[in-house]
Amino acid sequence: MNPVPPVRKILISGASLVHPYHVDRRPPARSRGPDPPESARTLERVQAGDATTQETSSNGAVAGVRNRRARQRALAIGASPRPTGDRDPLGELKELLRTAGVATAGEVVQVRSEPDPDRYLGRGKLAEVQAEVARADANLIACDDELAPRQERNLEAALDVPVIDRTAIILDIFADHAHSAEGKLQVELAQLEYNLARMRGLWTHLERLGAGRIDGGIGTRGPGESQIETDRRLARDRITTLRRRLDRLSRNRDVMRARREASTVPTVALAGYTNAGKSTLLNALTGAGVAVGERLFHTLDPTTRAYEHNGRRYLATDTVGFIHKLPHQLVDAFKATLEETRLADLIVHVVDGSDPAPERAEAIAAVDSVLDEIGAGDRPRLLAFNKIDLLDTDARRDLLVGEPGTVGVSATTGEGLAELRDRIESTFEETLREVELLVPYADGGRLSELHELAGDLERVERADGVLVRARIPAALRHRFADLELDGAAPASE
């Protein structure tokens, strides 16, 4: 049977949406019978690729995870400035929990300019949270920000309930959706970097409890300071190993990318907020057949497919979706994958046009921020509003008039796809130059290259070769300078 993949070790015993260094800080309950099997009570640790649990088959483990997570009831909490309009300040957190398979039992928001540095929320609001936990029968606290280890420990001590932050939830969703070898390595790297800072809190707590068994936790005796350093060293060693393996995979990706660039086929990256419909749009443009879903972060591994328009070939790539407050660990771990966006000739920024205007503006700003962070802020960009089939005529008109230079599409119905293809083509047309070349019959490879660059060629057979008129990228004109009838072109433009 296939072992549970290391990427799943974000969970305790593959069951709960709690990061792998979480410990239930309540006193252990007295045993009422024989201990459960080791696999049911051992804390899986994201370090050195080591699983201390008895492993089951991957399919069975995932099914068990979902069944047990369905029993988790999270109280969503957040600290943010006063929301504007009808926007739900915790709407995205609740959607993340839904994607992770956890029910939202209730929510508490504190309006404040910034979170409390020690407890995330103020003392008075914590009392309200504690009362809401009891009222809603919640067994988990889900926080809308990434918590510092100190904040997390203080919250758990004050509320007597396990606490998980936004970053850990997103990492867990990524772990569920990673399918390729590279994707799994990237998620494991992000998990390790996230948990490295949280090791001290775990071992300090275990040292205080001594060698007693922690219900649902780790079966370890006398950890102490040396154990902290050992675990950190093992984690850092594993991080180094993962980075080396990802570097090798990145070099392979670079080779494939170099081949695509050598072919000079225009490349288009579909970027945007998660769940904006990028995969559906790729399928509509290219007939790719990429799996799509209504949950967040359904696509992690980039998919590149070719399509033709007016005789010219294009390569379109579906990329991982972005989100507000995207964890920096993921941006770092997925940097090789995000290169597909940074190096594309054109970025089609896909936006969910059916979102309310405030949420749409926030999503656009979040994507722009990530594009800047990965060095793609200066790439040519086309804004495409997807899902316009969900809008009435007036709303559709207001959307497109309010955003000049954009295009409205429906990847589901096909509406607007022809215009999108034309707009992509026109973007590249601006960089094309018309040339007249005489290609010797013995140089058929150059004709093939021209056809790939320019699509349909205007050609006339002559005794000394083929006379070709074509529009090619100005930056590549120098490659055909020796064939131009009016003399050599500049070395580059």
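Data overview
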item: Per-selection Rg to Rh, region 387-493 - Cα, Kirkwood hydrodynamic radius; result: 1.21
item: Cβ-derived FRET efficiency at R0 56 Å, Ala463 paired with Ala136, nearest 0.05; result: 0.05
item: Computed E for Ala157/Arg233 - FRET, C-beta separation, R0 35 angstrom, nearest 0.05; result: 0.80
item: Residue-span extension gain [Thr413 to His179] - 0.36 nm each, minus C-alpha spacing; result: 81.4 nm
item: Alpha-carbon Rg/Rh ratio, for region 432-483, with Rh computed the Kirkwood way; result: 0.92
item: Residues in region 105-137 reached by a label modelled at Ser80 [backbone nitrogen below 19 Å; 7 Å Cα→Cβ]; result: 105-117, 120-122, 125-126, 129
item: Gain in span if fully extended, Arg248 to Ala148, counting 0.36 nm per residue against the direct Cα distance; result: 32.7 nm
item: Over region 264-428, relative contact order from alpha-carbon pairs under 8 Å, at least 6 apart, %; result: 25 percent
item: Surface/4 of the Cα convex hull for region 264-428, nm²; result: 9.1 nm²
item: Distance in nm between pseudo-label sites at Arg112 and Glu128 (7 Å out along the Cβ direction from Cα); result: 1.1 nm
item: Ordering of 338-345, 431-438 by packing [mean C-beta count within 10 Å, highest first]; result: 338-345, 431-438
item: Residue-span extension gain [Thr241 to Asp88] - 0.36 nm each, minus C-alpha spacing; result: 50.9 nm
item: Contact order normalised by residue count of region 432-483, Cα under 8 Å, 6+ apart, percent; result: 49 percent
item: 14 Å cut-off, amide nitrogen to a point 7 angstrom out along Glu434 Cα→Cβ, residues in region 445-483; result: 458-459, 468-472
item: Loop-located chymotrypsin sites (Phe, Trp or Tyr not before Pro) in region 381-465, at most 13 other Cβ atoms within 10 Å (DSSP); result: Tyr441
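Here, each number is a calculation from the coordinates, and none is a lab measurement. Everything numeric here is computed off the predicted structure, so don't read it as measured data. Note: ideal-geometry Cβ built from the backbone for every residue, glycine included; neighbour counts use all protein chains shown.
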